[in-house]
Amino acid sequence: MMDTYLIDANAFIEASRTYYAFSLIPAVWACFQTNITNGRIMLLDCVMKEIGNGKDDLSLFLLSSVPKDNILYHGKDPQCVQAYRNVMRYIHSSQQYKYAAMETWSKADYADPWLVAMASAKNYVLVTQEVTSGLIVPGQPHKNIKIPEVSLHFNVRTINLFDMMKELHIVV
């Protein structure tokens, strides 16, 4: 079975603003478009909204490239909603994070917990440029919640954009 990849906004934003700028390497975006169209790359509605607020090359690309069937609506999938509850229960009970971090993750359209939830519910590979904040020490809560740390608790595989490109055989 082939993996399906769920993309965090930061993976596409960083790529489009730096090493894979549309004006420099349009071929990579054509490869992304192919994999979006064939369903290997999926996007959450809240990620689309976050990127769409930019009104730049990336937002225009996604608006024209992502079929409506390949946009996942985070609050409408019962499995995802249940997984989201589990994610939120975990971060609030773990005592690993400061209140402000948990408050941020609790915002209705904040994409990070929904990404973990959807990836967990659908067994998707989560693609993010985030890295862990380091060793979690009991009694010393972190000020940020990182996707890879929470994903690990839910057995969600996380990789960065370059690893996804390798797995999809995207070369430029």
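The values are calculated or read from the model by the stated rules, or taken from the named source; none is laboratory data. None of the values given here were measured: they were computed from a predicted structure. Cβ sites come from the backbone with ideal geometry, for glycine too, and all protein chains shown count toward neighbours. Calculation scope for accessible area: heavy atoms of the full protein, side chains included, ligands and nucleic acids excluded. Shrake-Rupley method; radii C 1.70, N 1.55, O 1.52, S 1.80 Å.
Step by step: first the residues of segment 128-172, then only those that are out of contact with any Leu (no Cβ under 6 Å at 6 or more places or on another chain) and part of a strand (DSSP E or B), then the one that is modelled with the highest pLDDT. Which residue is that? The selected residue is Ile159. Taking the criterion of being outside any helix (DSSP H, G or I) and either over 14 Å from the mean Cα position of the chain (by Cα) or buried (at least 21 other Cβ atoms within 10 Å of the Cβ) (or both), the residues of segment 1-18 that qualify are Met1, Met2, Asp3, Tyr5, Leu6, Ile7, Asp8, Thr18.
Quick one: in segment 82-120, which of the residues that are open to solvent by 40 Å² or more (accessible area, probe 1.4 Å) and within 14 Å of the chain's Cα centre (by Cα) is modelled with the highest pLDDT?
Ser120
Regarding Gln96, is this residue more than 23 Å from Ile13 (Cβ to Cβ), touching a His at 6+ places or on another chain (Cβ under 7 Å) and touching a residue at least 24 places away in the same chain (Cβ under 8 Å)? Judged against the criteria, Gln96 is a match.
Restricted to segment 121-158, and to residues there that are open to solvent by 60 Å² or more (accessible area, probe 1.4 Å) and of a type in the set (D, E, K, R), the residue that is farthest from the chain's Cα centre (by Cα) is Lys143. Selection of segment 76-93 for residues being in contact (Cβ under 8 Å) with a residue 12 or more places away in the chain and among the small types (Gly, Ala, Ser) yields only Ala83.
Sort out which residues of segment 48-81 are more than 27 Å from Tyr20 (Cβ to Cβ) and modelled with pLDDT of 90 or more, and write them in order of number.
Going through segment 48-81, the residues more than 27 Å from Tyr20 (Cβ to Cβ) turn out to be 73, 75-81.
Within segment 48-81, Tyr73, Lys76, Asp77, Pro78, Gln79, Cys80, Val81 meet the criteria.
Are any residues in segment 42-81 of a type in the set (Val, Ile, Thr) and open to solvent by 20 Å² or more (accessible area, probe 1.4 Å), and if so, which ones? Correct list: Ile71, Val81.
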